[in-house]
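Everything below concerns the one structure shown next.
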Amino acid sequence: MAEPLKATFFAFSKREHRGVLRRAALTHAALLFVTAIVAVLANSVVLGALFQGQERSEPAGPIAQMMWLFSVLMAALIYFVLMASYEAACLRWLIRGETKGFGGFSLAGDTARVWLGQWLWLAIAIPFLIVAGLVVTIVTQFFPTLAAVEGLPGLTWPVAWALLISPLALRLAPGNATSVGRRKFAYFDAWRVTKDRFRALGGSYLIVWLLWIIALVVVFFALSIPVFAVTGDNAERAPLINALMSGVSLLTIVGANMLATLLLAGVNARAVLAAAREGKIDGVDSPGDVARVFE
């Protein structure tokens, strides 16, 4: 019989050395902040040069649009690399009790495995997204009244995708943790890790995503109130308010994502340690057998 997981807050359990995960979070948050500032400044300089001598009210030319798209893609690429490093730092400490790099920041080994896992999951998710779109299109063809409801088709698409992919997502969720635990790319070994753990892991993941939503709402309002308190609801300050609120939205999403990454790393690390103890996977070394804490 499988041992109880109690994995939801495994990341916050007491360990011999404290502050490792906190330092990793602060280091990667600082790197994300610096990256965001550099991206905004670089984008402003490039677009300013492209718009030189052109009225701002005129539509941006194709070169300006391509440069803007390039800057967005580069910022997204750097973001996911840093988040891969952060997830790897959390998993490395939670599973193996090891630290690496500056405040957990590293671009080799575990980070590369997590980064590859992100791309693999993207390759898996896209076909499901296409199938969900086809299903929604077919359903709305048979029920024209649904298609006539404003915004409903666009809302049902992600819902249909989530319903289709959720069982597979649950079985493969510890893929990155499995790779870090086994010190090699072993993403699909997560299928063995999650065997007989569907309900326990599903409950933990649900709690984490509910906390993610709560964090989004709380942080957004906590940061929005000072913005409007200082600037006021003034039409003349609309550009400033929009810029500040864009920054608030960005900080909110990144902060909530970092919290979810930490909690999910804890859940997945606990699942990998338990699977190793039960003989489902091999090659996982955990100092002091951390999993015994939950007996």
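How much FRET efficiency would the formula 1/(1 + (r/R0)^6) give for residue 40 and residue 18, where r is the Cβ-Cβ distance and R0 is 51 Å, rounded to 0.05?
After rounding to 0.05, the efficiency reads 0.90.
For the range 195-278, with the dipole built from +1 on Lys and Arg beta-carbon atoms and -1 on Asp and Glu ones, taken about the Cα centre, which of 245, 230, 201 lies farthest toward the positive end?
201
Given the peptides 194-206, 158-170, arrange them by the average over their residues of other C-beta atoms within 10 Å, most packed first.
194-206, 158-170
Is the shape of the range 195-278 rounded, prolate or oblate, going by the alpha carbon gyration tensor and its root eigenvalues a ≥ b ≥ c, with a/c under 1.5 for rounded and a/b larger than b/c for prolate?
The shape class here is prolate.
What is the magnitude of the charge dipole of the range 195-278 about its Cα centre, with +1 placed on the Cβ of each Lys and Arg, -1 on the Cβ of each Asp and Glu, and no other charges, expressed in debye to the nearest 20?
460
How do 122-129, 255-262 rank on mean C-beta neighbours within 10 Å, highest first?
So the order, starting with the most tightly packed, is 255-262, 122-129.
Rank by packing, highest mean first: peptides 13-26, 264-277, with packing defined as the count of other Cβ atoms within 10 Å averaged across residues.
264-277, 13-26
Starting from the Cα of residue 228, step 7 Å along the direction of its Cβ; do the same at residue 195; then give the gap between the two resulting points in nm.
Spacing of the two 7 Å Cα→Cβ label points: 5.4 nm.
Would you mind ranking 172, 116 so that the residue whose beta carbon has the fewest other beta carbons within 10 Å leads the list?
By the 10 Å Cβ count, ascending, the order reads 116, 172.
Read the figures in this text as sums done on the coordinates, not as results from a lab. Because the structure is a prediction, the values reported are computed rather than measured. Neighbour counts are summed over all protein chains in view; Cβ atoms, including those assigned to glycine, are modelled from backbone coordinates with ideal geometry.
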